[in-house]
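Encoded as structure tokens, the structure appears first; notes follow it.
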Amino acid sequence: GGEPVRVLVTGAAGQIGYALAPMIARGLMLGPDQPVILHLLEIPPAATALEGVCMELTDAAFPLLQGVVATTDPAVACKDVDIACFIGGFPRKAGMERKDVMSKNVNIYKSIASGIEAHAKPTVKCVVVANPANTNAYILKKYAPKMDKKSITCLTRLDHNRMVGQIAERCKVPNAKVDGVIVWGNHSSTQYPDVNHGTVGSKTIREAINDDAYLNGEFMTTVQKRGAAIIAARKLSSALSAASSVCDHVRNWVVGMEGRKYVSMGVVSDGSYGITEGLVYSFPCVCKGGEWSIVQGLEIDPRSKDLMEATHKELLEEKDLALSCLEE
Ligand code: NAX
């Protein structure tokens, strides 16, 4: 019971939005007893599709759903929201250069930044999903300077969950037995899926799998290239797993860790592990009382250090490219 929580979903008529809205309305993001009001933002070309989504939300008659604000006006969408899931973005189309897609997307995040800063609750918690996720979150933070830096995150939980899924399958154990995996860095193919601190039941992952060649090779590329494998198979990018991971990210941040050792989150670096302060980088985090903190003092071997540095370097380059693409 209690006051409903307002949750913004941008790009709400897109594939991830369509999967995510009902998950939130079923309590998968904020718990089975927490009423919610959905704020759904789209651009005018998708306004009719969004109306259809609203009709379906009405028809599903979710007990926890206490209202829907569907709009193409960012100020209306951001008004008094407690949680903001930024999924809206421009997909890469055939023939588009990396820089063109980057430019479209970082400018979307530059323009939404003032809306969220001005209209959301001061305690709002944001997760950016739209790619380039880390860099969009960096731009959002840069153009919402009054917001608490700790309120802006990006999604790497899907990559984290992909690691869990691969290890559980390989060990033939339930997913819940796998813990302590880490995604370092960018949500891109340079991410470092690190198993060195993880466990399967009472064993370390390296003991349980007992095949370092696999863990340092095929396992890593499977996780890094999973998005492309899904596109190849489905002819569409991942949506249900992305939406489910957004719920995990927010729920573990806001509600609690559910016994997990740590979770991977793209957060604003404070310089931990030598990562440039201010950059949005995925770290192992623990959450308590609705606040995340970066897990400190993990031992980093030389191989890991190099992999963490490679994805750090890519993020620095991405940031510079993004800044060069910003429009007035
Ligand atoms: P879709 O193209 O299906 O949906 C995107 C929606 O955003 C569209 O309905 C579009 O009208 C809307 N939109 C565009 N500009 C907007 C704006 N300025 N304001 C509000 N809405 C706007 O993409 P979908 O498959 O849902 O993916 C969404 C984003 O998530 C993409 O950028 C994608 O690359 C990214 N992903 C990120 C993942 C992650 O783990 N961080 C994984 C999944 C996904 O690939």
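Tally the residues that are surrounded by fewer than 17 Cβ atoms within 10 Å (Cβ to Cβ), within 16 Å of the ligand (Cβ to nearest atom) and at pLDDT 95 or above, restricting the search to the stretch 165-191.
1
Here are GLN166, GLN224: which of them is over 30 Å from THR123 (Cα atoms) and within 16 Å of the chain's Cα centre (by Cα)?
Just a single option satisfies the conditions, and that option is GLN224.
Can you pull out every residue in the stretch 32-64 that is in a helix (DSSP H, G or I), more than 14 Å from the ligand (Cβ to nearest atom), among the aliphatic types (A, V, I, L, M) and more than 24 Å from the chain's Cα centre (by Cα)?
Answer for the stretch 32-64, where residues must be in a helix (DSSP H, G or I), more than 14 Å from the ligand (Cβ to nearest atom), among the aliphatic types (A, V, I, L, M) and more than 24 Å from the chain's Cα centre (by Cα): MET55, ALA60.
Can you pull out the residues in the stretch 56-104 that are charged (D, E, K, R) and within 16 Å of ALA133 (Cβ to Cβ)?
Correct list: ARG92, ARG98, LYS104.
Give the residues of the stretch 14-26 that are under 18 Å from the mean Cα position of the chain (by Cα) and either under 20 Å from THR123 (Cβ atoms) or surrounded by 16 or more Cβ atoms within 10 Å (Cβ to Cβ) (or both), sorted by residue number.
Listed by number, the residues that qualify are GLY14, GLN15, ILE16, GLY17, TYR18, ALA19, LEU20, ALA21, PRO22, ILE24.
Look at LYS141 and say whether it is farther than 15 Å from SER282 by Cα and not in a helix (DSSP H, G or I).
No.
For residues in the stretch 239-257 being β-branched (Val, Ile, Thr) and out of contact with any helix residue (DSSP H, G or I) (no Cβ under 7 Å at 6 or more places or on another chain), which is nearest to LEU155 (Cα to Cα)?
Restricting to residues being β-branched (Val, Ile, Thr) and out of contact with any helix residue (DSSP H, G or I) (no Cβ under 7 Å at 6 or more places or on another chain), the top hit is VAL250.
Only residues that are more than 10 Å from the ligand (Cβ to nearest atom), surrounded by 18 or more Cβ atoms within 10 Å (Cβ to Cβ) and within 25 Å of LEU240 (Cα to Cα): list them for the stretch 86-125, please.
MET102, VAL106, VAL124, LYS125
Could you tell me whether the stretch 199-215 includes any residue that is under 17 Å from ASN161 (Cα atoms), touching an Asp or Glu at 6+ places or on another chain (Cβ under 9 Å) and assigned to a helix (DSSP H, G or I)?
No, every residue in the stretch 199-215 fails to be under 17 Å from ASN161 (Cα atoms), touching an Asp or Glu at 6+ places or on another chain (Cβ under 9 Å) and assigned to a helix (DSSP H, G or I).
Away from the ligand (no atom under 14 Å from the Cβ) and assigned to a loop (DSSP other than H, G, I, E, B) - does that describe any residue in the stretch 304-315?
The answer is no; no qualifying residue exists.
In the stretch 65-84, which residues are among the small types (Gly, Ala, Ser) and not in a helix (DSSP H, G or I)?
Listed by number, the residues that qualify are GLY67, ALA70, ALA84.
Can we say TYR273 is hydroxyl-bearing (Ser, Thr, Tyr), modelled with pLDDT of 95 or more, surrounded by 14 or more Cβ atoms within 10 Å (Cβ to Cβ) and at positive phi?
It is true that TYR273 is hydroxyl-bearing (Ser, Thr, Tyr), modelled with pLDDT of 95 or more, surrounded by 14 or more Cβ atoms within 10 Å (Cβ to Cβ) and at positive phi.
What residue, among those in the stretch 265-303 that are in a strand (DSSP E or B) and touching a His at 6+ places or on another chain (Cβ under 8 Å), is farthest from VAL250 (Cα to Cα)?
TYR281
Which condition number does LEU158 fail, the rest of (1) at pLDDT below 95; (2) more than 17 Å from THR10 (Cβ to Cβ); (3) within 10 Å of the ligand (Cβ to nearest atom) being met?
Tallying (1) at pLDDT below 95; (2) more than 17 Å from THR10 (Cβ to Cβ); (3) within 10 Å of the ligand (Cβ to nearest atom), LEU158 fails exactly one: (1).
Checking VAL69 against (1) crowded, with 17+ Cβ neighbours inside 10 Å; (2) within 22 Å of the chain's Cα centre (by Cα); (3) modelled with pLDDT of 95 or more, which test does it fail?
(2)
Report, by residue number, each residue of the stretch 172-194 that is over 19 Å from the mean Cα position of the chain (by Cα), assigned to a loop (DSSP other than H, G, I, E, B) and closer than 20 Å to LEU155 by Cα.
Hits for the stretch 172-194: nothing passes.
Aliphatic (A, V, I, L, M) and exposed (fewer than 13 other Cβ atoms within 10 Å of the Cβ) - does that describe any residue in the stretch 199-208?
no
How about the stretch 1-13: which of its residues are away from the ligand (no atom under 16 Å from the Cβ) and either within 19 Å of the chain's Cα centre (by Cα) or under 23 Å from ILE116 (Cβ atoms) (or both)?
Selection gives GLU3, PRO4, VAL5, ARG6.
The values are calculated or read from the model by the stated rules, or taken from the named source; none is laboratory data. Fair warning: this is a prediction, and the values are worked out from it, not measured in the lab. Cβ atoms come from the backbone with ideal geometry, glycine included; neighbour counts cover every protein chain shown.
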